[in-house]
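These notes are about the structure you will find just below.
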Amino acid sequence: MDLAPRTSKELLRKLRRLRRKFEVVAVVCDSKSVARQAAKDRRVDLLSFPPRKAHNRFFDRAEAELASNALSCLEIDMAPVLYLKEFPRIRLLSNLRTETAIAKKFNVPIVISSGATNEHLMRNGHDYAALATLFEISISTGLRSLSEIPGSIVERNRKKLCSKYVAPGIQVIKEGEDCPDK
């Protein structure tokens, strides 16, 4: 589920309503307040920053520290790397280099997604991993960012969506008649 809230209050309201219905929740961070709230909320899996607003990319050291503590990941859509031309592409690559360096420093996992809106923007995983080297991500890390990391997010959240899940570290083992009363 991709959420694009305008305010942090709207984000909290949507998370309360939708988190238990979807395996993966991504937040498009169009403002600094939304980015900060999303980074510190454990219900958010992916932080996504729109490529069209290079000056409005809010993934900085403070954001990375919050995301690291909340187990959120930085999502990088590869489609803009393919369709942007000239200076906008150069600016995007520069921003992505900076953001990936910050994410690595604070151990924030990076998820690479296609971001494709049509079949012409689709590529295979190795192509995306090769493109990720443009912003200082190795091929092996790029491949992990395409498969292992998203897979671990889905696995972790499926456990949370299970009816036996109560809270982090707590789940129902037995219930009903075979449980002794005290």
Exercise for review: Tabulate in residue order the Karplus-calculated ³J(HN,Hα) for region 67-79, using 6.51 cos²θ - 1.76 cosθ + 1.60 with θ = phi - 60°, rounded to whole Hz; enter x for Gly and Pro.
Suggested key: 5, 4, 6, 9, 6, 8, 10, 8, 9, 10, 7, 8, 4
Point to revise | Least to most buried among D30, D45, D127 (fewest other Cβ within 10 Å first) | key: D127, D30, D45
Review point. Number of Lys-Lys pairs in region 2-171 under 23 Å by Cα, sequence gap 8 or more or different chains?
Key: 23
Exercise for review: Working from Cα positions, state the angle (0 to 90°, nearest 10) between the long axis of helix 8-18 and the longest principal axis of the chain.
Suggested key: 50 degrees
Review point. In whole percent, what relative contact order does the chain give with Cα contacts below 8 Å and a gap of six or more residues?
Key: 16 percent
Exercise for review: Can you bin region 1-104 into rounded, prolate or oblate? Criterion: square roots of the alpha carbon gyration tensor eigenvalues sorted a ≥ b ≥ c, rounded for a/c under 1.5, prolate for a/b above b/c, oblate for the rest.
Suggested key: prolate
Exercise for review: Report the trypsin sites (Lys or Arg not before Pro) located in region 1-66 that are in a DSSP loop and have at most 15 other Cβ atoms inside 10 Å of their Cβ, or state none.
Suggested key: R6, R42, R52, K53
Exercise for review: Return the sequence-ordered ³J(HN,Hα) values of region 96-103 in whole Hz as given by the Karplus equation 6.51 cos²θ - 1.76 cosθ + 1.60 applied to θ = phi - 60°, using x for Gly and Pro.
Suggested key: 5, 4, 5, 5, 5, 5, 5, 4
Point to revise | From the coordinates shown, semi-axes √(5λ) of the Cα gyration tensor in Å corresponds to which of (i) 33, 19, 15; (ii) 37, 18, 14; (iii) 25, 21, 16 | key: (i)
**Study point:** the chain - charge dipole about Cα centre, Lys and Arg +1 at Cβ, Asp and Glu -1, debye rounded to 20
**Key:** 660 debye
**Study point:** Residue-by-residue Karplus 3J(HN,Hα) for region 82-95, coefficients 6.51, -1.76, 1.60, Hz, glycine and proline x
**Key:** 7, 9, 6, 10, 6, 4, x, 5, 4, 4, 4, 4, 4, 4
Exercise for review: For Q171, enumerate residues with amide H under 5 Å from its amide H, sequence gap 5+ or separate chain, H modeled in the peptide plane.
Suggested key: V166
Revision key, fill the gap. Among A35, A67, A101, the residue with the largest mean-square fluctuation in a Gaussian network model of the chain built from Cα contacts under 10 Å is A101
**Study point:** Sequence-distant residues sharing a close amide H with I76 (under 5 Å, placed H)
**Key:** V111, I112, S113
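Values quoted throughout were computed directly from the atomic coordinates according to the rules given, and no laboratory measurement underlies them. For clarity, every value in this text was computed on a predicted model and none was experimentally measured. Positions of Cβ are backbone-derived with ideal geometry, glycine not excepted, and every protein chain shown enters the neighbour counts.
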